[in-house]
Amino acid sequence: MAANSSLGSKRGLPELNGLVNLYSSDTGEPVAVLNATALTGFRTGAAGAVASRLLANPDATTLLVVGTGSQAPYQIMAQLCVLPKVTQVLLANPRDAKKAQAAAAQMPMTLEKLFSQTIRATNSATNSVVAGLIDHRLSEVEFTGVTDLPAAVQRSRVIVTATPSTKPLIQADWVQPGTHLNAIGADMEGKQELDAKLFQGAQAYTDDVPQASEVGEIQNPIKAGVIKPEQVVEIGNSLLDPTLGRHDANAITIFDSTGITLQDLAAANLAFVRAKEQGVGTQVDL
Ligand SMILES: NC(=O)c1ccc[n+]([C@@H]2O[C@H](COP(=O)([O-])OP(=O)(O)OC[C@H]3O[C@@H](n4cnc5c(N)ncnc54)[C@H](O)[C@@H]3O)[C@@H](O)[C@H]2O)c1
């Protein structure tokens, strides 16, 4: 369940609040209540990381993230984990180009606070090593706010879009051969971040073809008659069958993430298991 309040953000609280209730599949008992906002960030970041690990050019050095909202830090951290050669992160905010510079200046601190500081606070020796690795990875990266979106797209071999846009932000002729894109934002009918023509000749992937055909980025090229749902590969299938991956180094690959319940359940369960292992969280008797 989620609640949205602009009063909350004026008081320095998150604008969107949500909770996940986890129940035992054996007994049906409630076992945990989790912060859904963080969980969504982690599971969506992880989905983007799986796609990039599978499809992006591993030599990519420049990552462009379009959209500087709640999803952006999770997407960035996840991409930095799977793309070890990325040392340049470009940030664009198509709504307000100048805000991208402020977001870029803030991003290293945001990432440190969200990831390494939180992990370190658990006081476990293993986690302290992980926090150190995150800090080291962040120290290798330069964050830059960009205002010239076409030039930034041309420079980047990995692109993440995470906005609620209803109009294409990235035009097909800006995208260079060999680029991988994770289209995260479209999760409702009418949303669109990419030019439908970009799908012409590209290799398209998604989490769930029937759902994405209705609400994901692929709804647009399907409506425009550029592709058919049968041409889109479910990312789970390409994990099982390597022949379904990138065909050649120059192909343009697109992963359309719409978010599926299975990801929420898997992420909530993993968070619960890890919290129990590490003795974090608060135990209450109901
Ligand atoms: N695929 C998934 O599983 C998944 C998961 C979570 C969120 N989402 C979607 O990702 C998108 C971003 O989520 P968020 O929580 O980061 O949102 P947010 O509101 O925190 O940030 C949105 C960003 O996009 C920019 N923006 C707003 N309207 C825009 C427009 N019309 N055109 C271009 N840019 C615009 C904002 O300035 C901001 O930088 C949303 O559409 C959300 O529904 C998808």
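A short reminder: the numbers here are calculations on the coordinates, not readings from a lab. No experiment lies behind these values; they were computed from the predicted model shown. Every residue, glycine as well, gets a Cβ built from its backbone with ideal geometry; the counts of neighbours run over all protein chains shown.
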Of SER124, SER165, SER238, which is the most mobile in a GNM of the chain whose springs link Cα atoms less than 10 angstrom apart?
-> SER124
Which pairs in the list LYS98/LYS191; LYS85/LYS113; LYS98/LYS276; LYS98/LYS223; LYS99/LYS228; LYS113/LYS228 are over 32 Å apart, alpha-carbon to alpha-carbon?
-> LYS98/LYS276; LYS98/LYS223; LYS99/LYS228; LYS113/LYS228
Among residues other than ASP173 whose Cβ falls under 11 Å from its Cβ, what is the net charge (Lys/Arg +1, Asp/Glu -1)?
-> 0
Indicate the helices, whole DSSP H runs only, in the chain that combine a mean Kyte-Doolittle hydropathy of 0.5 or more with a Cα extent along their long axis of 18 angstrom or more.
-> 36-55
Magnitude of the charge dipole, the stretch 10-156, Cβ model with Lys/Arg +1 and Asp/Glu -1, debye to 20 = 300
If one builds a Gaussian network model of the chain from Cα atoms under 10 Å apart, the most fluctuating residue listed among LYS191, LYS99, LYS167 is LYS167
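What is the chain's relative contact order, in percent, from Cα pairs under 8 angstrom and six or more apart in sequence?
On the way: 536 pairs, mean separation 49.2, N = 286.
Relative CO of the chain lands at 17 percent.
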For a quick protection proxy, order the peptides 134-143, 24-33, 39-48 by their average other-Cβ count within 10 Å, most packed first.
-> 39-48, 134-143, 24-33
With springs only between Cα atoms under 10 Å, which of ARG246, ARG120, ARG157 fluctuates most in a Gaussian network model of the chain?
-> ARG120
Taking the Cα centre of the chain as origin, sum charge times position over the Cβ atoms of Lys and Arg (+1) and Asp and Glu (-1), and report the length of that vector in debye to the nearest 20.
-> 780
